[in-house]
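Read the structure below first, then the notes.
The values are calculated or read from the model by the stated rules, or taken from the named source; none is laboratory data. Worth saying up front: this structure is predicted, and the values here are computed from it rather than measured. Cβ placement follows ideal geometry from the backbone for every residue including glycine, while neighbour counts extend to all protein chains displayed. Protein only, heavy atoms only, side chains kept; ligands, DNA and RNA dropped before computing areas. Shrake-Rupley method; radii C 1.70, N 1.55, O 1.52, S 1.80 Å.
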There are 2 protein chains.
Amino acid sequence: MAGGLARAAVVGTGLIGGSVLLRLRDAGLDVAGWDPDPVARRQIRDRGVDAPDTVEEAVTGRDVVFLCGPLPTLPTTLARVAAVTDEACVLTDVGSVKAEVSTAATVQGLGHRFVPGHPMAGADRAGAGAASPDLLDGAAWVLCPGPTGLGAFRRLAMLLVDVFHARVVPMSAPEHDGAAALASHVPHVLAGALAGTVHRSALRDAVLTLAAGSFSDGTRVAGGPPERTANMLLGNRDRVLAELDALGAFLDELTEALRGGDAGALADRFAEGRDVRSTLRARTFTAHRREFPAAADHAGELAYLRELGTAGGHLSEVRETAGAVTYTGHLPATPPLG
Amino acid sequence: MAGGLARAAVVGTGLIGGSVLLRLRDAGLDVAGWDPDPVARRQIRDRGVDAPDTVEEAVTGRDVVFLCGPLPTLPTTLARVAAVTDEACVLTDVGSVKAEVSTAATVQGLGHRFVPGHPMAGADRAGAGAASPDLLDGAAWVLCPGPTGLGAFRRLAMLLVDVFHARVVPMSAPEHDGAAALASHVPHVLAGALAGTVHRSALRDAVLTLAAGSFSDGTRVAGGPPERTANMLLGNRDRVLAELDALGAFLDELTEALRGGDAGALADRFAEGRDVRSTLRARTFTAHRREFPAAADHAGELAYLRELGTAGGHLSEVRETAGAVTYTGHLPATPPLG
């Protein structure tokens, strides 16, 4: 198996964890899952996957462990899992905020084998019942390569590319959290605010009858578990507040143009947004290869990886031979607008 | 053909008008289209539909005409089309705001044969090239039955149900505009503000790489033509500004809960939004029939229709016999929350 990671465990088997587990199983890995909820463990067993009663039984002897529980539990779970796994066992998580768990790993002396991760996938549902081996297929999957060695990152990236066809996006934890604030956290706030405003409206029933594309699309993630969304926002509070300020300023410009009846100013603001949509829809990439010595000092490799993510790029392949590691990377072909 | 409307014309053959035209043609109606843009007329002819060079040629002798041009042009186009069509010819439009065109029709003495309309359909694209006979299949389609006779409304509703499988939502023009402010116009503002904020962000490229469900869904309509969105908002300015105020208040509550680190308050706000999503996803309806004398005073029928729309209901069938009109209506089965 890719990266030599043949035995895998998933801790926390909700929507994302369950989907990771099923995909790894379907790819032929030896897998086990664990969840604090006995009902969730039974659901896993019903789908033919081993689910011991303790987290220790589930993770002992594994080559890779995915931590997929709620965000606030991750530092504690990390310590518990690290204590009963080998030094060679790669640890990762799928949390939507990376700074806190990343710092916890460093404090716990796990920087060499814990690789913070975040697959970008829909979150309008929850629970193992909605889990699917295809949920993460082809997803952008952020990994945060750390300064204390790239071996774990390489092996995990290989697994994700092979099994999930992931577009691996290497980023530092702070950079991830900055980008995710706008790419995911603020959109969750807006979806919740829009749906909540309708909930309180006297016109609620008529509004729901008219709810087509824009409302239905714009509130989709408001269907997710409120506690999960709250944890996500609290875990990235300062950045989310800063981006909400930026959004508020844009919203004020739109509102003032509308109040003033200024069609030209309104259209100009919407044209800015359309540029982003056009880019998102028609993004093309140019591929390249980069090779680094396998055992050398990793500063150059780390710099390459982080610059790739910052520039909007991703990896589609990682190969390791006796003496070298080779990355196939992809960078946006069009120069950034503005 | 249903309602006796066998010869139809569409004026303005962009995304919505083109889709209406193709669907009517596929349903076997005798159709013609017209657009001020010669390129659009050629596109129609290329798809095998008659497209004369003048609007007068296109609409003369027709039983029903759909006005599908830009919102600000509708009053003028209405007058032009009315002048060359029979008194029996039903006129309707598909604009996203109903008050102005509705008033214009009354002023022009066309209240008995102009039925303001608004099919609720996606608007992230534009142009005849994106038109499809299936775009409006099964859509919620608002019609505003007026006080000056229900004959035109009945015939048009019959056509929409038969040809488009529409869920016809009867509403007064002001009620439509109030509900559409929250169901469509404010979501367009939010989508534009979110996409525009990313456009201006230094993290733009990284954000686009991470853009999965919530961002992609939440900005979809920001891909539409800026002028069309501006016209829509300006046509419903006061209501949109009022709902933006309500949304701003909700957003402030969320922001304050986040700033204060209050997980409980955050989750409570998001729970309000989730209620709306649950209702939207799991809405069930109970069907009923209502019969009215065909030629009687229409006050009771009009009251029934408007109450149906206000309550979140719709029509799935309209039948007219010698002496009576029968509606099959559907009302939400669950009592409104809150």
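Pairs meeting the criteria (first residue in the range B:254-269 and facing chain A (nearest Cβ under 7 Å), second residue among the basic types (Lys, Arg), beta carbons under 8 Å, at least 6 apart or on different chains) are B:Leu254/B:Arg269; B:Leu258/A:Arg237; B:Arg259/A:Arg237; B:Gly261/A:Arg237.
Regarding the range B:81-94, can at least one residue be identified that is more than 13 Å from the chain's Cα centre (by Cα), surrounded by fewer than 19 Cβ atoms within 10 Å (Cβ to Cβ) and closer than 24 Å to B:Ala299 by Cβ? Yes: the range B:81-94 contains one or more residues that are more than 13 Å from the chain's Cα centre (by Cα), surrounded by fewer than 19 Cβ atoms within 10 Å (Cβ to Cβ) and closer than 24 Å to B:Ala299 by Cβ.
Scanning the range B:283-307 for residues that are at pLDDT below 90 and within 11 Å of chain A (Cβ to nearest Cβ) yields a single hit, B:Arg283. Is the range B:100-114 home to any residue that is among the hydrophobic types (A, V, I, L, M, F, W, C) and closer than 28 Å to A:Leu190 by Cα? No.
Scanning the range A:159-201 for residues being more than 7 Å from chain B (Cβ to nearest Cβ) and hydroxyl-bearing (Ser, Thr, Tyr) gives a total of 1.
Counting just the residues of the range B:105-122 that are surrounded by fewer than 24 Cβ atoms within 10 Å (Cβ to Cβ) and part of a loop (DSSP other than H, G, I, E, B), which one comes out nearest to the other protein chains (Cβ to nearest Cβ)? Restricting to residues being surrounded by fewer than 24 Cβ atoms within 10 Å (Cβ to Cβ) and part of a loop (DSSP other than H, G, I, E, B), the top hit is B:Gly122. Pairs meeting the criteria (first residue in the range A:132-145 and touching a residue at least 60 places away in the same chain (Cβ under 8 Å) and more than 14 Å from every other protein chain (Cβ to nearest Cβ), second residue open to solvent by 10 Å² or more (accessible area, probe 1.4 Å) and assigned to a loop (DSSP other than H, G, I, E, B), beta carbons under 9 Å, at least 6 apart or on different chains) are A:Pro133/A:Ala27; A:Pro145/A:Ser172; A:Pro145/A:His298.
Residues in the range B:146-158 include none that are touching a helix residue (DSSP H, G or I) at 6+ places or on another chain (Cβ under 6 Å), without any contact (Cβ under 8 Å) to a residue 60 or more places away in the chain and either facing another protein chain (nearest Cβ under 7 Å) or farther than 16 Å from B:Phe66 by Cα (or both).
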